[in-house]
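The values are calculated or read from the model by the stated rules, or taken from the named source; none is laboratory data. All values reported here derive from a predicted model rather than from experimental measurement. Positions of Cβ are generated from backbone atoms using ideal geometry, with glycine treated the same way; all protein chains shown enter the neighbour counts. Note: areas computed on protein heavy atoms with side chains; ligands, DNA, RNA excluded. Shrake-Rupley method; radii C 1.70, N 1.55, O 1.52, S 1.80 Å.
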Amino acid sequence: MPIRLPKIPGSQITPREVFMDRRRFMQGATAVAAGLGGLATGEAVAEQVSAKLDAPRNSAFVVKDELTPKKLATTYNNFYEFGTGKGDPAENAGPLKVRPWTVEITGAVEEPMTVGIEDLLKMQLEERVYRFRCVEAWSMVVPWVGFELNKLVSMVGPTSKAKYVKFYTAVQKDTMTGLRMPFIDFPYVEGLRIDEAMNPLTMLTLGLYGETLPNQNGAPVRLIVPWKYGFKSVKSIVRIEFTDEQPKTTWMLAGPTEYGFYSNVNPAVDHPRWSQKRERVLPGLFASRATEPFNGYAEQVASLYSGMDLKTYF
Ligand SMILES: Nc1nc2c(c(=O)[nH]1)N[C@H]1C(S)=C(S)[C@@H](COP(=O)(O)O)O[C@H]1N2
Ligand SMILES: [Mo]
């Protein structure tokens with residue numbers, strides 16, 4: 001079921017009827033000028049799709065290792081909608097239409113709403129330096145700009161039926177050159193348990209290295225879940241749905257024996273075709289490090305899985 005982007009002019013992106021509780025939303029907003037490099041309003045940013053997005057660094061969430069060069073983080077990507085090669089997204093994602101852009105929040109919530117990207121950009125943004133570990137056994141260290149997903153979740157008020165959260169990537173037939181892929185269905189779908197979605201580490205992300213997300217990194221809004229393999233960090237999100245059923249995710253559907261729902265970074269559980277004990281530290285060809293349980297975030301998240309056999313729930 002392809003998700004069509006609404007064909008509405010940019011000036012009408014956040015009318016009252018689609019953005020139901022803007023005032024409450026705005027309570028969390030910073031003075032936009034402070035966060036957006038001198039641009040006066042969120043609307044100005046909307047037109048200038050690639051823009052500075054400075055946000056104060058939250059020192060409580062900073063991996064001390066050297067940052068991956070920005071050039072590499074923005075040219076070595078996985079975004080299958082634009083091809084399977086690591087260079088394909090940077091080469092092909094330019095035409096992705098990122099304005100107008102709305103995120104529909106639906107399902108088991110008190111207050112379903114459709115949020116315009118401009119309003120997300122007005123949230124109180126911060127920068128966090130997270131290690132990012134791909135299931136392909138490489139890792140990067142990237143400064144992401146965004147806010148805790150739980151802030152958005154509390155605004156919509158999940159009901160008691162909201163056990164899981166399902167995220168959908170946009171489908172743009174006219175810009176996405178990789179949609180006809182055997183074994184993979186689009187839209188790309190990912191999911192989290194509600195407590196994983198509420199964990200302070202889980203970030204709704206709008207930028208990296210002090211600017212808005214390049215298209216190849218999942219513009220204009222993506223998820224970052226640092227204790228899970230990179231494929232959980234779904235890009236170019238248009239819909240967030242609260243459900244009582246565990247979502248069937250893109251990679252579970254493509255290869256159920258290789259990719260589970262949880263996908264926590266775990267050196268003790270190998271991928272059926274390769275080891276997860278170590279990871280290549282990009283951009284180094286030979287630099288490698290031991291993979292840490294939960295990607296180094298065990299202190300913050302291990303308790304979410306107490307009593308679960310993580311070999312079964314991989
Ligand atoms: N929609 C969508 N989201 C996606 C992917 C994808 O193919 N499509 N790939 C995932 C994988 S496997 C990884 S490792 C990360 C890569 O993010 P990056 O390119 O910003 O490093 O995006 C994830 N999110
Ligand atoms: Mo990945």
Legend entry - Residue in region 167-179 that is surrounded by the fewest Cβ atoms within 10 Å (Cβ to Cβ), counting only those that are more than 17 Å from Trp251 (Cα to Cα) and of a type in the set (S, T, N, Q): Thr177
Legend entry - Set Pro182, Pro200: member being open to solvent by 10 Å² or more (accessible area, probe 1.4 Å) and farther than 25 Å from Ser139 by Cβ: Pro182
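Each row is one residue, and each column tells you yes or no for (1) basic (Lys, Arg); (2) not in a helix (DSSP H, G or I).
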{"position": "Pro247", "(1), (2)": "no, yes"}
{"position": "Leu253", "(1), (2)": "no, no"}
{"position": "Pro256", "(1), (2)": "no, yes"}
{"position": "Tyr259", "(1), (2)": "no, yes"}
{"position": "Tyr262", "(1), (2)": "no, yes"}
{"position": "Gln276", "(1), (2)": "no, yes"}
{"position": "Arg280", "(1), (2)": "yes, yes"}
{"position": "Gly284", "(1), (2)": "no, yes"}
Inset, instruction - Determine which single condition Ala287 fails, assuming it passes every other condition in (1) at pLDDT 95 or above; (2) surrounded by fewer than 16 Cβ atoms within 10 Å (Cβ to Cβ). - result: (1)
Inset, instruction - Among residues belonging to region 249-277 that are in contact with a Gly (Cβ under 8 Å, 6 or more places away or on another chain) and in contact (Cβ under 8 Å) with a residue 12 or more places away in the chain, point out the one that is farthest from ligand 1 (Cβ to nearest atom). - result: Phe261
